[in-house]
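Take a look at the structure set out below.
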Amino acid sequence: GGGRPGRLGQVVPAGSCAEPCRAVPGAAHGTSMVLQEPAGAPSLSTAAGGVGDAAAEVQLSRLRWAVLLLFSSYSMCNAFQWIQYGSINNVFVSFYEVNAFAIDWLSMSYMLIYIPLLFPVAWLLDKRGLRLTALAGSALNAMGAWVKLGSLKPHLFPVTVLGQVICGLAQVFILGMPSRIASVWFGSHEVSTACSIAVFGNQLGIAAGFLVPPVLIPNVKDVEKLAYHISIMFFMTAGVASALFILVIIVFKEKPPNPPSRAQAAIQSRPAAEYSYVQSILRLLRNANFVLLMVTYGLNVGCFYALSTLLNRMVIHHYPGEEVNAGRIGLTIVLSGMAGALISGIWLDKTKTYKQTTLVVYIMSLVGMIVYTFTLSLGHLWVVFVTAGLLGFFMTGYLPLGFEFAAELTYPESEGTSSGLLNVSAQIFGIAFTIGQGQIMDHFGTKAGNLLLCSILFLGTIMTAFIKADLRRQQANLENEQT
């Protein structure tokens, strides 16, 4: 799978260097010293018309922010469609005349679809690259949104299920992309921030999914009026998804003209024949630190999925008639989590303390979950807003940390594959926790269901403490700089 880059100990011949360089006259006649060009500067030999080493030339592209923003936007639209039913669970139960568990499955279908399709889609991302994956994800997202417009009568529940399944397919092409886009397009000093912004879009979509449906769709008994309000939401979603698909066709490029970091240059210069997708997965599963991270990530994010899916039921149980505030509490969780994600991404770029930051955020997620569990039933909505915000800041803030820590532990393996395995773990645990917590809530109440999540986060915290900080990507950048 291509060894580690940075061939230390190798003698560099006179007149050449591993990075773009220039000769500067020395004090003594006939001597010269080699000065390294900073990362991001174009090779002078190439600029002068000479033959530059393409693999060694490191330069940032201005297009990188447009690509990142576009990905974040269609990821946002897809995440909105994930939670748009769950955030007003009771309204859709009434409209489609089904039980609450059937509406829960509209959210869980996203998780279920992801599990068998991860490996073929991750293979496609490795073989065909970012552009084809982006086109597939944004096209399926738009298609699913249009299908849902055919489900505006109570007996057409199967059509809305079909639309949601298509959107779930789109999600498979979206979830593994953030760390790959960050690595392919962004320099080593901004890669964690870029990954955070890419994840940020998905979280913004969940926030909109909590905020918009309760505002657009009032809980009324008149079926015709309800169908009209639902149609407004479905039309808006389909229009936005279609516009984003067109923008992806026009704007989204496979990769920048030059690699943005030395680590990425080393990967791009590796012969294609050296890379085996199956061997890559086997190497990842033999990496003990990555396997530990995969389980702990699944536990944390699975808890977040369960909490998001069941939030409407929890709040309505303690505060009847407060559908709009239930959505706002979900919004608070996600918005504070987006702030947490952005802060943790910037912090990682500054400090590179992956293990320590991940452990602290995990511990605080546990603390936030315990506080939320014991304040939900106090009868004061403002207290729920505060505790939910605290929980969201750390639990959602953990998402990009997991992706970036995985990319460090598994370099030079593909970030799409490592992210995909993390997401599969999250989907499996998410389905199990959503069903488990839902059943416990039905039989023993909301506190018992939330205590289940507290115990799971406690287990994840203990396991996180055993992960060793083997930062291979950082080491590759350092070795290349020294060379």
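The values are calculated or read from the model by the stated rules, or taken from the named source; none is laboratory data. Because the structure is predicted, anything quoted here is derived from the model rather than measured. Neighbour counts are summed over all protein chains in view; Cβ atoms, including those assigned to glycine, are modelled from backbone coordinates with ideal geometry. Protein only, heavy atoms only, side chains kept; ligands, DNA and RNA dropped before computing areas. Shrake-Rupley method; radii C 1.70, N 1.55, O 1.52, S 1.80 Å.
In this structure, is L282 within 16 Å of the chain's Cα centre (by Cα) and surrounded by fewer than 24 Cβ atoms within 10 Å (Cβ to Cβ)? The answer is no for L282.
Return the total of residues in region 453-475 being crowded, with 20+ Cβ neighbours inside 10 Å and either without any contact (Cβ under 8 Å) to a residue 60 or more places away in the chain or among the aliphatic types (A, V, I, L, M) (or both). Number satisfying all stated conditions: 4. Apart from one condition, Q164 fits all of (1) within 30 Å of A265 (Cβ to Cβ); (2) touching a residue at least 60 places away in the same chain (Cβ under 8 Å); the exception is (1). Exactly one residue among F385, F403 is under 20 Å from T461 (Cβ atoms), aromatic (F, W, Y) and in a helix (DSSP H, G or I), and that residue is F403.
Of all residues in region 293-343, those satisfying the criterion of being open to solvent by 10 Å² or more (accessible area, probe 1.4 Å), assigned to a helix (DSSP H, G or I) and either without any contact (Cβ under 8 Å) to a residue 12 or more places away in the chain or among the hydroxyl-bearing types (S, T, Y) (or both) are Y305, T332, S336. Here G187 fulfils each of the conditions (1) out of contact with any helix residue (DSSP H, G or I) (no Cβ under 7 Å at 6 or more places or on another chain); (2) buried (at least 18 other Cβ atoms within 10 Å of the Cβ); (3) assigned to a helix (DSSP H, G or I) apart from (3).
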